[in-house]
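Input: a single structure, listed below in structure tokens.
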Amino acid sequence: MSRDQFKKWVCTAIEMEEKGKKFYEKAVEDCKDGLGREIFIMLRDDEVRHIDRIKEIEKALDQGQDVLEQACSMPADEKDMGKMLRDMASKVDTDKACSSTESALNTGIEFELALVKFYEDALEKAQEDIEKEFLKKMVAEEKAHYVLLEDLKYYYEDPEGWAMGQGKSGLDGA
């Protein structure tokens, strides 16, 4: 995409990530304890990192610098979201969601899917390799958020089924 198109895209990306941050901040406020709160804190912090990265790109574009390569390079964030949820779940005393968590999960899932689509659409229009690399990483991170939220939703809906899926129990009674 052209530099002007990319600049417009950057502005929209910042707006969307800011909405995500505010959404997760509200979810943290509404849920004072439990696994859902911990996940929402982590997702809020991830959105802040996304905003910071995108603002680096915006600054480079505003200054007319050709530093997209530096701004777009992102450290490999190879979090195993499933393992993170298992580790967090093992430390929580209850498998009950606070009253606002179910609604927040559904909204978060929709939001993360919208971000995936947004970044995938931009990826289709990207021309420079560095743009493509950045957008692929953003798609991967937002997909990981989606998977985490879906897994947490399953954890709350069917804790026993979730635990069986994690290899923590079997059907033979042993």
Only one of these is within 30 Å of S2 (Cβ to Cβ), in a helix (DSSP H, G or I) and not polar (S, T, N, Q): R49, R37. Name it.
R49
Go through the residues of the stretch 69-84 one by one and say whether even a single one is at pLDDT 90 or above, open to solvent by 60 Å² or more (accessible area, probe 1.4 Å) and part of a helix (DSSP H, G or I).
no
Restricting to the stretch 119-146, name every residue that is touching a residue at least 24 places away in the same chain (Cβ under 8 Å) and out of contact with any helix residue (DSSP H, G or I) (no Cβ under 6 Å at 6 or more places or on another chain).
K125, Q127, E128, E131, E133, K137, E141
Some residue of the stretch 59-67 being outside any loop (DSSP other than H, G, I, E, B), modelled with pLDDT of 65 or more, among the hydrophobic types (A, V, I, L, M, F, W, C) and out of contact with any Cys (no Cβ under 6 Å at 6 or more places or on another chain)
yes
So, in the stretch 96-116, exactly how many residues are open to solvent by 80 Å² or more (accessible area, probe 1.4 Å) and touching a helix residue (DSSP H, G or I) at 6+ places or on another chain (Cβ under 9 Å)?
4
Tell me, please, whether a residue that is within 20 Å of K7 (Cα to Cα) and out of contact with any Asp or Glu (no Cβ under 8 Å at 6 or more places or on another chain) can be found in the stretch 138-149.
yes
Considering residues of the stretch 1-38 that are of a type in the set (K, R), surrounded by fewer than 16 Cβ atoms within 10 Å (Cβ to Cβ) and farther than 18 Å from Y119 by Cβ only, the residue modelled with the lowest pLDDT:
R3
Looking across the stretch 117-165 at residues that are open to solvent by 70 Å² or more (accessible area, probe 1.4 Å) and hydrophobic (A, V, I, L, M, F, W, C), the single one that is modelled with the highest pLDDT is V147
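The values are calculated or read from the model by the stated rules, or taken from the named source; none is laboratory data. Keep in mind that this is a model prediction, so the values were computed, not measured. Glycine gets a Cβ as well: all are built from the backbone with ideal geometry, and neighbour counts include every protein chain shown. We work out accessible area using only protein heavy atoms, side chains counted, and drop any ligands, DNA or RNA first. Shrake-Rupley method; radii C 1.70, N 1.55, O 1.52, S 1.80 Å.
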